[in-house]
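Notes follow once the structure below has been shown.
The values are calculated or read from the model by the stated rules, or taken from the named source; none is laboratory data. Model, not experiment: these values are computed from the prediction. Here the Cβ positions follow ideal geometry from the backbone for every residue, glycine too, while neighbour counts run over all protein chains shown. These accessible areas exclude ligands, DNA and RNA; they are computed on the full protein's heavy atoms, side chains included. Shrake-Rupley method; radii C 1.70, N 1.55, O 1.52, S 1.80 Å.
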Amino acid sequence: VFGDMRVIPIGEGDEAQRWDAYVGPRAAAVMDLSAWRRVVRKAYGMKSWLLAAVEGEQWQGALSLYEARHPLFGSYLTTSAFGNDGGFIFETPEARDALLAEAKSLADAQKVDYLVLRTRELDLGGFSIDRHYRSAVLDLTGGADAVWKERVPAKTRNQVRKGQKEGFTIATGHAQLEAFYSVFHAHMRDLGS
């Protein structure tokens, strides 16, 4: 407990709906929502913990953690299982600190080797930043023409034009599902999933 701030575990049913009502508007990705817990449990058998920082009746933060046990990388707790970032939302420094303390406590209780918080450019005391991975973010304001002319670098535009001259095409829709899953499967296999 941090002052009036307390961290509570979130279960299924009404609690999960309350989680989604708070997290949904702030979510970085679908992995932040309570349904992801069921997906990861069913597909991979992973344990999960959804934690809410609450002051009085007001939610001030949320943290989702998933336990991964890997023969090479050891056991660890992570936010945003199988995602790039997310799973850690807070309104105040007190909520952040309360959730971090609870995450560290849970990591100790589960006897994991380490704790991974997948965040975007958030420097947290006591954690080291892994700079091996990056997320590319592109502002789509103004539509395709504005993005193409103002935000895509000239070298990239040139490479796209070369691909078009060579006959490269893009196809979308249900007819492409088999090709998509073939590439997706190979990619996830290479990542160890």
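Okay, here's what the table says:
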read-out	value
Degrees separating the helix 93-110 axis from the principal Cα axis of the chain, which is the longest one	80
Cα gyration tensor category, rounded, prolate or oblate, for segment 134-178 with a/c compared to 1.5	oblate
Relative contact order computed over segment 16-114 (Cα-Cα under 8 Å; 6+ residues apart), in percent	24
The chain: C-alpha gyration tensor shape, a/c 1.5 cut-off, then a/b vs b/c	prolate
Simple Cβ-charge dipole of segment 76-144, Lys/Arg +1 and Asp/Glu -1, about Cα centre, in debye nearest 20	240
Neighbour-limited loop hits for chymotrypsin sites (Phe, Trp or Tyr not before Pro), segment 41-108 (at most 15 other Cβ within 10 Å; DSSP other than H, G, I, E, B)	73
Rounded to whole Hz, the Karplus (6.51, -1.76, 1.60) HN-Hα couplings of segment 30-45, x for glycine and proline	4, 5, 7, 7, 5, 4, 4, 4, 5, 4, 5, 5, 5, 7, 10, x
FRET efficiency for residue 152 and residue 12, using Cβ-Cβ distance with R0 set to 30 Å, rounded to 0.05	0.10
Rounded accessible area per residue of the chain, 1.4 Å, Å²	67
Euclidean distance of C-alpha centroids, segment 166-193 and segment 89-154, integer Å	27
Cα gyration tensor shape of segment 111-193, rounded if a/c is under 1.5, else prolate or oblate by comparing a/b with b/c	oblate
Ranked order, 170, 89, 129, 8 - accessible area, probe 1.4 Å, largest first	170, 129, 8, 89
Share of carbon and sulfur in the accessible heavy-atom surface of the chain [1.4 Å probe, %]	54
The chain, helix-only ellipticity at 222 nm - DSSP H runs n ≥ 4, -39,500 (n - 2.57), divided by all residues, nearest 500	-11000 deg cm²/dmol
Spin-label model distance (nm) - residue 84 vs residue 21, 7 Å beyond Cα toward Cβ	3.2
